[in-house]
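The values are calculated or read from the model by the stated rules, or taken from the named source; none is laboratory data. None of these values were measured; they are calculated from a predicted model. Cβ coordinates were reconstructed from backbone atoms using ideal geometry, including for glycine residues, and neighbour counts include every protein chain displayed.
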Amino acid sequence: MGLFNKVKITALFLLVLLGGIVNPVFCATDKTEDIRKLLKVSGILDQLSYMQDSLMNNVSMMVTGSFPKVPEAFWGDFNKLMGKKEMEELVKRVIPVYEKHMSHETVKKLITMFETPFWNEWKEKMPKISREAGVIGSEWGREITQSKAFNEKLEVLIKKHELEKLNPTPVGGN
């Protein structure tokens, strides 16, 4: 085999090898961008923002529980603790879940589906529905856990499984 043929075969081999390596990178990048679009058009991005809001509300309740007197200037600074940078970090963590469980073709089909007027209405209303349902769920949980019947049942379980014996109060504790 001549040197020219060896160079052609080597070049062809490298092209095939590079095509196999480089092409998936472009596909993954396209898929990643389509997943970002899916998160937006499906309303999931709004749900992620709601998670951020819920987290900050919980932290603010902890702050006010520990510090009853908080100046307004604190809250102004507090509301700047999380923003676009932190949301982008959350999105970057969520994208691999979609990449793992969904084909690129499925992502594209979902984008098409979520861009219809029907789904646009759903996407618009879903965050409000989720918030209201979340409030109802929180109220329900508080009512249950504060009810006499629930606490009596819990006490029976604690005694039945001897949790007080398994978890003695430390010396100097309550």
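Data for the structure
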item: Residue in segment 45-65 that is farthest from Trp119 (Cα to Cα), counting only those that are aliphatic (A, V, I, L, M) and touching a residue at least 40 places away in the same chain (Cβ under 8 Å); result: Leu48
item: Qualifying residues in segment 92-105 (those that are loosely packed, with under 13 Cβ neighbours inside 10 Å and either assigned to a helix (DSSP H, G or I) or of a type outside the set (S, T, N, Q) (or both)) - the one nearest to the chain's Cα centre (by Cα); result: Arg93
item: Near pairs, Cβ below 8 angstrom, 6+ apart or cross-chain, from segment 119-134 (surrounded by 14 or more Cβ atoms within 10 Å (Cβ to Cβ)) to any residue that is among the aliphatic types (A, V, I, L, M); result: Trp119/Val41; Trp119/Met113; Lys123/Val41
item: Among residues of segment 78-101, those that are in contact (Cβ under 8 Å) with a residue 40 or more places away in the chain and not hydroxyl-bearing (Ser, Thr, Tyr), counted; result: 5
item: In segment 108-130, the residues that are at pLDDT below 85 and of a type in the set (Lys, Arg); result: Lys123
item: Residue ID - modelled with the lowest pLDDT, chosen from residues in segment 145-174 that are farther than 25 Å from Asp53 by Cα and β-branched (Val, Ile, Thr); result: Val171
item: Test result for Glu164, assigned to a helix (DSSP H, G or I), more than 20 Å from Asp46 (Cα to Cα) and touching a helix residue (DSSP H, G or I) at 6+ places or on another chain (Cβ under 7 Å); result: yes
item: Which numbered condition Met82 misses (of (1) touching a Leu at 6+ places or on another chain (Cβ under 8 Å); (2) more than 14 Å from Ile35 (Cβ to Cβ); (3) outside any loop (DSSP other than H, G, I, E, B)); result: (3)
